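The values are calculated or read from the model by the stated rules, or taken from the named source; none is laboratory data. Keep in mind that what you see is a predicted model, and the values were worked out from it rather than measured. Cβ sites come from the backbone with ideal geometry, for glycine too, and all protein chains shown count toward neighbours. The protein model used for the area step is the full one, side chains on, heavy atoms only, and it has no ligands, DNA or RNA in it. Shrake-Rupley method; radii C 1.70, N 1.55, O 1.52, S 1.80 Å.
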Amino acid sequence: MGPSIHPRTIQEVKEKADIVDVISEHIVLKKKGKEFVGICPFHDDTKPSMTVSPNKQFYYCFSCGAGGNSIKFLMEFTRSNFSDVVLLLAKKNNINIETLEGPQQDAYKKQLSRREELYKILRVAKNWFKSQLNNSLGKEALNYLLSQRNLNSKIINDFELGFAPNSWNDLFNYLSKVEKYPLNLITSSGLAISKDNSDKFYDRFRNRLIVPIHDMQGRVVAFGGRSLDGQEPKYLNSPESEIFEKGRMLFAFEKASNTIRKLDKAVVVEGYFDVISLHSKGITNSVASLGTALNKYQISQLCRFTDNKNIILNFDSDNAGLLAAKRVVKEVESLSLNDQINLKILQLKKFKDPDEYLNSHTPKDYSNLLDNASFWIDWEIDQIFENKDLTKSENFQNVISLLVKLLSKLPQSSTRTHYLQKVSERLSMGQARLAIQFEQDLRNQVKGFRWHGRSKKFEQPSEISQREKNESEIIFYYLHCPNLRIFIRNELLKREIDDFNTEYIRIIWKAISTIEENNLGLNYFNKIKNSDSQKLNKDFSDINLISLLPDYLAQNNSESLNKINIFINPNELFLTMLKSPKHNLLGTLSLIERYKSLKRCRHLIESWGSQRLKTLENCISILIDNSISSPSDSNREIDDLFKDLNSDAIKFQELYYLERQHISFLDKQRCGNFIAS
Ligand SMILES: [Zn+2]
């Protein structure tokens, strides 16, 4: 329980805590007319459904109905109680807090003063580190900053850099003996650690360059230390505390925010020294995360200062940096897809990081690179093509499926078209006619993928495992009954089962097709179907898939390799299925086809419902518009409109009926086989 707050304080908080300020600290808000919109954090939102009105000081989600003032938002978002939120907002807005007299008042005052004490001890430590850098012990460290990092004394001062000497407890002694701080405050500040919980204490930072980390108010909340003698870890941070939460801070944000606002863009790099180096060269809109992956919260913090939400990532060019960039792209994907942020990525291929780049280039060069950084989708597309020899079929297939997956996420068809054309040109390697063909083909695949994603929701969870089992059976028969392979392929074709639902089955099936293609050439199945050649038939069933498949997967798709074991070395259950393979197979195939029909049924029912509603709405609005005309006219109109409504219903009914009929046919087929075996 928090303290009872005086109504005067609550009133002042309500007046001063602006709703746009409060909400945009947690989610990205974009201006739209007089209001702001953002992705709602209270339901699984895919497009911005939340509106925030600065005039009314009110937020509202059109999708889930969440709404209220800034206090309500924070209560729900941070799951805190009323008084905690009011206190937090009061502190942020420099409002004098008055509490009602009571027993909690003392506790609250204590908590407040403890935070103040923490700020104070960190400030004292910062000054001590600074003085160490400037005395004889810090000579080497200072030299490192001046000559190896090319920093001047102005920037060293601006960033308040310091030095922790190579001693066990110099700082601890200073804080406890000279400044007379209590032990528990020294340990909770993270500056000293007690040895095995004894009364022996040693300094956390030893023989390290010290970089203070400030909050937005410019107060030191933690330190980062870089080792100077190769000691691991290279970078060491203060532990989290009441005033320091790593995932909520950005390094140098308090210095960068003004320029971010002025230039309308923020640059995020990986290390402290990259930031310091950039600031020293006048690129003062740069920040870094604190040894953790950049998260959504930090991105929204940055977005508060840029109207057009321009964020540029310039991570290290090693593998770790690449992975970090990919992680950020994924983390904020829904924001990027909905144009809530404008994310760009700069990769300095030949240089390790911005610091190294600036050693041999001017700040202007770097700014130019920033201006020309790739938009995130272009960057992802580059990543897909990177180092892939497209003349190899498996590379080509892989690139296509990654592209389809990426492009199908784009919500706007005009953007999709733009990128479809772009990648098709790239795939065709300059051959215009091919490009057109690729584009058409990709467009169909993307369409299929989007549809597939949507119809997933018509699938029920219990069906999925059952379906996986059925699909595995097909693979099993295909491998172990070579004489049934033609039969299986024909049945799949006849039943229009052109894809499997389970991902690893899909991979295995594709591998089988590729192996067959490698042995018999392209279009081998058409050749087999259209000729009576015994030889071709024999060659087809002679392919030793049981030995070729594991090798192929080992080379091309090692993750699915362990999935193949059950098919190669079947257990008892699978072996019993070999007794009457053809009958079992027909049953399994009917089941798989049945899923498809069921899904279509559910889909039809849903479309029918929504279509009916839409038509009804239409009818009503026409009737209202025409209500002035003569009654006999509108009677006739009502009749006509309802005829329309019914004809739609009949259409859906028919389709639904056909599908149901087919399902009962499949059931008969399945059970008939069951009895026959
Ligand atoms: Zn919502």
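Hey, could you check the range 534-556 for residues that are in contact (Cβ under 8 Å) with a residue 24 or more places away in the chain and open to solvent by 40 Å² or more (accessible area, probe 1.4 Å) and say which is nearest to the chain's Cα centre (by Cα)? For the range 534-556, the residue satisfying everything is 556. Scanning the range 292-304 for residues that are assigned to a loop (DSSP other than H, G, I, E, B), at pLDDT 90 or above and of a type in the set (A, V, I, L, M, F, W, C) yields a single hit, 294. For the condition small (Gly, Ala, Ser), touching a residue at least 60 places away in the same chain (Cβ under 8 Å), on the phi < 0 side of the Ramachandran plot and surrounded by 15 or more Cβ atoms within 10 Å (Cβ to Cβ), residue 373 qualifies.
Quick check, is residue 144 open to solvent by 20 Å² or more (accessible area, probe 1.4 Å), under 40 Å from the mean Cα position of the chain (by Cα) and modelled with pLDDT of 90 or more? Answer is yes for this residue.
Of note, residue 51 does not satisfy the criterion of being surrounded by fewer than 14 Cβ atoms within 10 Å (Cβ to Cβ), under 30 Å from residue 333 (Cβ atoms) and of a type in the set (S, T, N, Q). Here residue 59 passes the criteria (1) within 11 Å of the ligand (Cβ to nearest atom); (2) open to solvent by 60 Å² or more (accessible area, probe 1.4 Å); (3) over 19 Å from residue 339 (Cα atoms) except the one numbered (2). Is it true that some residue in the range 62-81 is open to solvent by less than 50 Å² (accessible area, probe 1.4 Å), more than 13 Å from the ligand (Cβ to nearest atom), under 19 Å from residue 307 (Cα atoms) and without any contact (Cβ under 8 Å) to a residue 40 or more places away in the chain? No, the range 62-81 contains no residue that is open to solvent by less than 50 Å² (accessible area, probe 1.4 Å), more than 13 Å from the ligand (Cβ to nearest atom), under 19 Å from residue 307 (Cα atoms) and without any contact (Cβ under 8 Å) to a residue 40 or more places away in the chain. Just the residues that are open to solvent by less than 70 Å² (accessible area, probe 1.4 Å), of a type outside the set (A, V, I, L, M, F, W, C) and farther than 22 Å from residue 325 by Cβ, please, taken from the range 390-400. Residue satisfying the conditions is 395 alone. For the condition in contact with a strand residue (DSSP E or B) (Cβ under 6 Å, 6 or more places away or on another chain) and among the charged types (D, E, K, R), residue 25 does not qualify. A single member of 316, 339 is surrounded by fewer than 22 Cβ atoms within 10 Å (Cβ to Cβ) and part of a loop (DSSP other than H, G, I, E, B), and it is 339.
Of the residues making up the range 82-102, those that are touching a helix residue (DSSP H, G or I) at 6+ places or on another chain (Cβ under 7 Å) and either within 16 Å of the ligand (Cβ to nearest atom) or farther than 15 Å from residue 22 by Cβ (or both) are 97, 98, 99.
Cβ-Cβ contacts under 7 Å between residues 6 or more apart (or on different chains), taken from a first residue in the range 32-56 that is within 12 Å of the ligand (Cβ to nearest atom) to a second residue that is in a loop (DSSP other than H, G, I, E, B) and hydroxyl-bearing (Ser, Thr, Tyr), are listed as 40/49; 40/63; 43/63; 45/63; 49/63.
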